[in-house]
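Enquirer: Dumping the structure here so I can ask a few things about it.
Throughout, read-outs are computed from the coordinates displayed, never taken from laboratory work. This is a predicted model, so every value here is computed, not measured. For neighbour counting, all protein chains shown are included, and Cβ atoms are generated from backbone atoms with ideal geometry for every residue, glycine included.
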Amino acid sequence: MSETSMSEDIVRIFDTTLRDGEQSPGASMNVEEKIVIARQLEKLGVDVIEAGFAASSEGDFESVVRVAKEVKRPRVVSLARAQEGDIKRALKAVEQARHPGIHIFIATSDIHMKHKLRMSRNEVLDAAVWAVTYAKKHIDYIEFSAEDASRSDWEFLVQVFSEVIRAGAQTLNIPDTTGYAIPSEFGSLVRHLVEQTDGGKRVAWSAHCHNDLGLAVANSLAAVANGARQVECTINGIGERAGNTSLEEVVMALKTRKNLFRVDTHVVTEQIYPTSRLVSQITGIPIPINKPIVGDNAFAHEAGIHQDGVLKQKLTYEIMTPESVGITGNRLVMGKHSGRHAFAERLRELGFTLNKVDINRAFLRFKELADKKKEVYDEDIEAIIAEEILRLPGRPDRYELLYLNVNSSSNAIPSATVRMRVDGQECVDHATGDGVVDACYKVIAKITGSRARLVRYSVKAITGGADAQGEVSCLIEDGPARVSGQGAHTDIIMASALAYINALNKLEYRTHYRESVERQGP
Ligand code: KIV
Ligand code: ZN
């Protein structure tokens, strides 16, 4: 890339955590959780929030409607196939947004057209033009995506994009749907489309990359270097298969190498870390410790020679500061004598806007924790919020843990006794298992009558020290439904039980939600 070839400019950040990100196995979120994330995305400064695929389910429709009402500055879009039913549903879902938009897509690669769509090139071209023309009668802002663009014929892409620009699309998205592209090749494709498409100079070009070869960020940067002015990405890079372009990586690359790219974004980079943790807590997808920008080790210097250099001058081994992405270190918040006011103030600083009732609930949990643990860190507070406040809206949880007792020794079979409240009734039971967590999960399954299968279980310490809280995340599956649950406690067996019960409550919510929606009809 020539350093002089790019002008000072803005790259729009299009966040699809709530749509493509949610397509990660086990990352499904309820409406309330999506609202919490959407608020944080607004604070982060993203330009566009893709809130869902309105026609795909009632839950997605409802999420788009709620996010559209909730956020003010970012544009809110819904995905839609190039079909009348999808477009109508998407239009309805975004109608209350301050800045509404619709994102229409159709596949353009021969492989997709032949085997998936069973349509000829002309049919696909007609469908794309028809869809954009139809949508344009109802909404001003339209983004058009040529799915699997990186494996499509370049001249066919030029033809399709030229026609949809004529029909009224303002943003043209170039997806590397299968994560197949290589940066030099993807950059050339973007350059070719910008230059050869009729009207290509007066629209915004966008890159949407998947990470199957670990190249999503590199391909997105190559797209920017070649004229793209929108990048589609997700927090922590979550998404289908190996995920999407990671927002934090692409934004910090543009910022850190501004000398090369000469572009800015509207992202408030200090909000990156809180957003990353929030998404991880809500989805239950852990952040790898060596993940660039937000992983626990991202700013940790281990080698003596590096430590020595950093102590003398940070620039020796640090290309950006932890503070610039919102990492301020484990700050000791308060002890057990801290008051409600100070606690509420800390919550506000951490980015949580809660009502009085929720603050009081969280404060009680904080007090309980402060009694057990000498030092309470920001991460502990975040875990309390994730567990207490992001619960299901407007209805109490069906299942509640009241008491847990486990027995484990080197010469006895591990066993657990659990007392729970189920629909207001107290129930108690006992089981043995391969280990105490297994025994505990067996009792909970017995009491709740759940047949859900445990797909994934992970435990990590939230902060350092032997009295650290353990954070457990589990993923359960019941038929087509997959949900994750989280639990945090100074005792990891308790954290495990809380995580499992949290997942079962979410599963209940899903079933209940589906039933009530079916009764009401679409
Ligand atoms: O990966 C993809 O092609 C998509 C499109 C719908 C934009 O997610
Ligand atoms: Zn995608």
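Enquirer: Using the number of other C-beta atoms within 10 angstrom as an exposure proxy, rank W130, W205 with the fewest first.
Expert: The most exposed by this proxy come first: W130, W205.
Enquirer: Roughly what % of Cα-Cα distances in segment 12-283 sit above 23 Å, to the whole percent?
Expert: 48
Enquirer: With a 10 Å Cβ neighbour count serving as the proxy for reagent exposure, in which order, fewest first, do S28, S150, S220, S120 appear?
Expert: Fewest-to-most ranking of S28, S150, S220, S120: S120, S28, S150, S220.
Enquirer: A further question on this structure: Need one word for segment 177-273: rounded, prolate or oblate. Basis is the Cα gyration tensor (sqrt eigenvalues a ≥ b ≥ c); a/c below 1.5 gives rounded, then a/b vs b/c decides.
Expert: oblate
Enquirer: At 0.36 nm per residue, and after removing the present C-alpha to C-alpha distance, how many nm does the segment from T417 to E318 gain when stretched out fully?
Expert: Result for the pair: 30.6 nm of gain on full extension.
Enquirer: Quick one: compute a quarter of the convex hull surface over the Cα atoms of segment 399-520 and quote it in nm².
Expert: The directionally averaged projection comes out at 8.5 nm².
Enquirer: As I understand it, the dipole of the chain uses +1 on the Cβ of Lys and Arg and -1 on the Cβ of Asp and Glu, about the Cα centre. Which of Y457, N355, V64 lies farthest toward its positive end?
Expert: Of Y457, N355, V64, it is N355.
Enquirer: Can you tell me the orientation of helix 58-70 relative to the chain, as the angle in degrees between its alpha-carbon axis and the longest Cα principal axis, to the nearest 10?
Expert: The helix 58-70 is inclined about 80 degrees to the chain.
Enquirer: Can I ask one more? Just in segment 160-204: which trypsin sites (Lys or Arg not before Pro) are loop by DSSP and have at most 12 other Cβ atoms within 10 Å?
Expert: Those satisfying the criteria are K201, R202.
Enquirer: Right, next: Could you work out how far helix 216-225 tilts from the main Cα principal axis of the chain, as a 0 to 90 degree angle to the nearest 10?
Expert: 40
Enquirer: How big is the charge dipole of the chain about its Cα centre, in debye rounded to the nearest 20, if each Lys and Arg gets +1 on its Cβ and each Asp and Glu gets -1 on its Cβ?
Expert: 920
Enquirer: Could you compute the net charge surrounding P322? Neighbours are other residues with a C-beta less than 12 Å from the C-beta of P322; K and R count +1, D and E count -1.
Expert: Around P322, the charge tally is -3.
Enquirer: Would you please classify the overall shape of segment 1-127 from the alpha carbon gyration tensor, given that a ≥ b ≥ c denote the square roots of the eigenvalues, rounded means a/c under 1.5, and beyond that prolate means a/b larger than b/c while oblate covers the rest?
Expert: oblate
Enquirer: Continuing with the same structure: For a quick check: sort K442, K460 by the number of other beta carbons within 10 angstrom, fewest at the front.
Expert: Ascending Cβ contact count within 10 Å gives the list K460, K442.
Enquirer: Still on this structure, I have one more. Per the helix-only calculation at 222 nm, which mean residue ellipticity applies to the chain, given -39500 (n - 2.57) for every DSSP H run of n ≥ 4 and division by its residues, nearest 500 deg cm²/dmol?
Expert: -12500 deg cm²/dmol
Enquirer: Relative to the longest principal axis of the chain, what angle (0 to 90°, nearest 10) does the C-alpha long axis of helix 492-520 take?
Expert: Once rounded, the angle reads 50 degrees.
Enquirer: Mind listing which trypsin sites (Lys or Arg not before Pro) in segment 83-162 are in a DSSP loop and have 16 or fewer other Cβ atoms within 10 Å?
Expert: Those that pass, being in a loop and sparsely packed, are R98, R118, K137.
Enquirer: For segment 31-133, with only Lys/Arg (+1) and Asp/Glu (-1) charged at the beta-carbon, what is the dipole magnitude about the Cα centre, in debye rounded to 20?
Expert: In total the dipole reaches around 180 debye.
Enquirer: If you place +1 on the Cβ of every Lys and Arg, -1 on the Cβ of every Asp and Glu, and leave all else neutral, what size is the dipole of segment 399-520 about its Cα centre, to the nearest 20 Debye?
Expert: 300
Enquirer: Cross-link list K116/K137; K43/K314; K34/K506; K69/K92; K34/K460: which exceed 18 angstrom alpha carbon to alpha carbon?
Expert: K116/K137; K43/K314; K34/K460
Enquirer: Would you work out which of F299, M119, G26 lies farthest towards the positive end of the dipole of the chain? Charges go on Cβ: Lys and Arg +1, Asp and Glu -1.
Expert: G26
Enquirer: Sticking with this one: What does the charge add up to near K43, with Lys and Arg as +1, Asp and Glu as -1, over the other residues with Cβ less than 14 Å from its Cβ?
Expert: Every neighbour counted, the sum reads -1.
Enquirer: Among the trypsin sites (Lys or Arg not before Pro) within segment 225-260, which fall in a DSSP loop and have no more than 16 other Cβ atoms within 10 Å of their own Cβ?
Expert: Those satisfying the criteria are R241, R257.
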